[in-house]
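Asker: Below is the structure I would like to discuss, written out as structure tokens.
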Amino acid sequence: QVHVVESGGGVVQPGRSLRLSCAVSGLSLTGFAMHWVRQTPGRGLEWIAVIGYDVTRRYYTDSVRGRFTISRDNSQNTVDLEMNNLRPEDTAVYYCVREWSSGYRKGFDYWGQGTLVTVSS
Amino acid sequence: DIQLTQSPSFLSASVGDRVTITCRASQAIATYLAWYQQKPEKAPKLLIHGASTLLSGVPSRFSGSGSGTEFSLTITSLQPEDFATYYCQHLHSYPWTFGQGTKVEIK
């Protein structure tokens, strides 16, 4: 059975840091890039970061570049998102997702249940 | 960045209706477009990739079409379980943005 489980969300003050973790089981991550996507009622779904399987490919959306860092441990099947200097507009449900790209880029075929991050004083 | 504009944002329909959602890209993205369905309190679910290829297990009443900048998702004979929010997403170049969503509600 496939499990993609995010953890680490919570309430944090502006300017502080938080680290999200994503643990994947029952699913191969070999060769697959992993992403973080967030969702808010006001801004909908927002792609924020990607890391390739060999970790050399990392890209971020403009609003988080320089503040967020995506990483992965292929031996543990985990993906992390280190979030620094958090802002109220970072408040969202954060999803860890697997990129399906056999042949060509297809989309996100596996999603976690999401973890809520609330940035508020 | 490539922007995706979905229309309509909200759609009220009845069981059995045919509905079409459009997604317009701000620049050409070939067929690097995916469609997702999201139900309340659930993560999105991938329905269609490559603009028109249904994932295994997705009912054939769903179909996608388009290339370049104009895309559509059509549901023929809407079923009760289809009432949800639908999103398009491009995979052409980073950032892989999503459309703002189309909520399909029961009339």
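We did not get these values from a lab; they are worked out from the coordinates using the rules stated. The shown structure was predicted, so the numbers you read here are calculated from the model rather than taken from an experiment. Cβ placement follows ideal geometry from the backbone for every residue including glycine, while neighbour counts extend to all protein chains displayed.
Asker: By the gyration tensor of its Cα atoms, with a ≥ b ≥ c the square roots of the eigenvalues, what is the shape of region B:57-107: rounded for a/c under 1.5, prolate for a/b over b/c, or oblate?
Answerer: prolate
Asker: Hey, another quick one. Roughly how large, in nm² to one decimal, is the mean projection of the convex hull of the alpha-carbon atoms in the protein assembly as shown?
Answerer: Dividing the Cα hull surface by four gives the mean projection, 12.2 nm².
Asker: Give a residue-ordered list of calculated ³J(HN,Hα) values for region A:8-24 (Karplus: 6.51 cos²θ - 1.76 cosθ + 1.60, θ = phi - 60°; whole Hz; x for Gly, Pro).
Answerer: x, x, x, 9, 9, 7, x, x, 8, 10, 8, 10, 9, 10, 10, 10, 10
Asker: Return the long-range amide H neighbours of B:L47 (sequence gap of 5 or more, or a different chain), with a cut-off of under 5 Å between placed amide H atoms.
Answerer: B:W35, B:Y36, B:Q37
Asker: Might you report the magnitude of the Cβ-based charge dipole of the protein assembly as shown about its Cα centre, with Lys and Arg at +1 and Asp and Glu at -1, to the nearest 20 debye?
Answerer: 80
Asker: Next question. Could you work out the relative contact order of region A:43-99? I mean the mean sequence separation of Cα pairs under 8 Å and 6+ apart, divided by the number of residues, in percent.
Answerer: It comes to 22 percent, rounded to a whole number.
Asker: For B:K39, list the lysines whose Cα falls under 16 Å from its own Cα; do not include residues on the same chain fewer than 8 positions away.
Answerer: B:K103
Asker: Across bins of 5 angstrom width beginning at 0, how are the C-alpha pair distances of chain B distributed, in whole percent?
Answerer: For chain B, the binned pair fractions read 3, 14, 26, 26, 19, 9, 3, 0 percent.
Asker: If the chain between B:T20 and B:K107 were fully stretched, how many nm would it gain, using 0.36 nm times the residue separation less the Cα-Cα distance?
Answerer: My answer for the length gained is 29.8 nm.
Asker: Using the Cα centre of chain A as the reference point, and only Cβ charges (+1 on K/R, -1 on D/E), how large is the resulting charge dipole? Debye, rounded to the nearest 20.
Answerer: Here chain A has a charge dipole of around 180 debye.
Asker: May I pose another question? Sort B:T20, B:T85 by Cβ crowding within 10 Å, fewest neighbours at the top.
Answerer: B:T20, B:T85
Asker: Another question, then. Could you work out the relative contact order of chain A? I mean the mean sequence separation of Cα pairs under 8 Å and 6+ apart, divided by the number of residues, in percent.
Answerer: Contact order relative to length: 34 percent.
Asker: May I ask you to derive the FRET efficiency for A:Q1 and B:R61 from their Cβ-Cβ distance with R0 = 30 Å, giving the value to the nearest 0.05?
Answerer: 0.60
Asker: Report, by chain and number, residues whose modeled amide H sits under 5 Å from the one on B:T69, excluding near sequence neighbours (fewer than 5 apart, same chain).
Answerer: B:I29
Asker: Output wanted: per-residue J couplings in Hz (rounded whole) for region B:59-71, from phi through Karplus 6.51 cos²θ - 1.76 cosθ + 1.60, θ = phi - 60°, x for Gly and Pro.
Answerer: Going residue by residue, I get x, 6, 5, 8, 8, x, 8, x, 6, x, 10, 10, 9 Hz, with x marking Gly and Pro.
Asker: How do B:F83, A:F68 line up, fewest other C-beta atoms within 10 Å first?
Answerer: Listing B:F83, A:F68 from fewest to most nearby Cβ atoms yields B:F83, A:F68.
Asker: If you bin the C-alpha pair distances of chain A every 10 Å from 0, what whole percents do you get?
Answerer: The percentages, shortest bin first, are 14, 49, 30, 7, 0.
Asker: Fewest to most neighbouring Cβ within 10 Å: what's the order for A:E6, A:E46?
Answerer: Least to most surrounded, the residues fall as A:E46, A:E6.
Asker: Let me spell out the model: positive unit charges on the Cβ of Lys and Arg, negative unit charges on the Cβ of Asp and Glu, origin at the Cα centre of region B:30-96. What dipole size does that give, in debye rounded to 20?
Answerer: 100
Asker: With unit charges on the beta carbon (Lys/Arg positive, Asp/Glu negative), name the residue among B:S67, B:F98, B:S52 whose Cα is farthest towards the positive pole of the charge dipole of region B:42-107.
Answerer: B:F98
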